[in-house]
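Participant: Let me give you the structure first, and then I'll get to my questions.
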Amino acid sequence: MSDLGPEIAPETTHAETGGEALRAELPYIAMLLGAFIGIAINDFTGRQTILYWQLLAPAYALICILAGWEHGGPTASRMRLVKTQALHWLACFVAMRLLFLPQVRGVLNDNATGLSLLTVLALSTFLAGLHSSLWRIWVVGLLLALAVPAAAWVEQSALLLLGEAVLVLGVGALFFWVRSKMRK
């Protein structure tokens, strides 16, 4: 204790703490966006996206390792984390590659392949979070798992949603046209 009085912590503004919190969550947001971009590319372009998914799995592995590294203890524990995450994501990578084999591609269409890839990624992410005791990682996996039926519904309902959007736009245009005629 000093004679100058109690120490006062520097004041942090809400924007600073919010910005820091957002920055801390960016890797997990990037994981979600990466998966959603992958499914969108796969479903809407109809092209094989094998390279994208091959790059996504190691990116997820790196995020998991870096997140676990921050919470890691001794060097041996960190090396175990690297080894288990590397093997885990290698298995995910192999499962994704299996979905692109010609024999499998002959059975699955692009929509089914995209949903299968998202399912593999969701399961792998969830398990990576559980094994490394990182709750944010397993929450990302859970959100990806919830996105699988949502993506399937959107794919099945695309024409219905498009029809509803056209109907809403048409009614809106009619409303503005009638309104403009009544003002004259």
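The numbers here are math on the coordinates, done by the rules we state, and not lab data. Quick caveat: nothing in here was measured; it's all calculated off a predicted structure. Reconstructed Cβ throughout: ideal geometry from the backbone, glycine too, with neighbour counts over all protein chains shown.
Participant: Please list the radius of gyration and Dmax for region 74-171, considering alpha-carbon atoms only, with Å as the unit.
Facilitator: Rg then Dmax for region 74-171, in Å: 18.4, 65.
Participant: Let me ask you something else. At a Förster radius of 35 Å, what calculated FRET efficiency corresponds to the Cβ-Cβ distance of GLN156 and LYS83, to the nearest 0.05?
Facilitator: 0.25
Participant: By per-residue mean of other Cβ atoms within 10 Å, what is the highest-first order of 169-180, 26-37?
Facilitator: By packing density, highest mean first, the sequence is 26-37, 169-180.
Participant: Here's something else I'd like to know. Of the peptides 111-124, 63-76, how do they stack up when ordered by the mean number of other Cβ atoms within 10 Å, highest first?
Facilitator: Going from most to least packed, we get 111-124, 63-76.
Participant: Please express the Cα-Cα pair-distance distribution P(r) of region 77-117 as a list of whole percents, one per 10 Å bin, running from 0 to the bin with the greatest distance.
Facilitator: It works out to 28, 37, 21, 13, 2, in whole percents.
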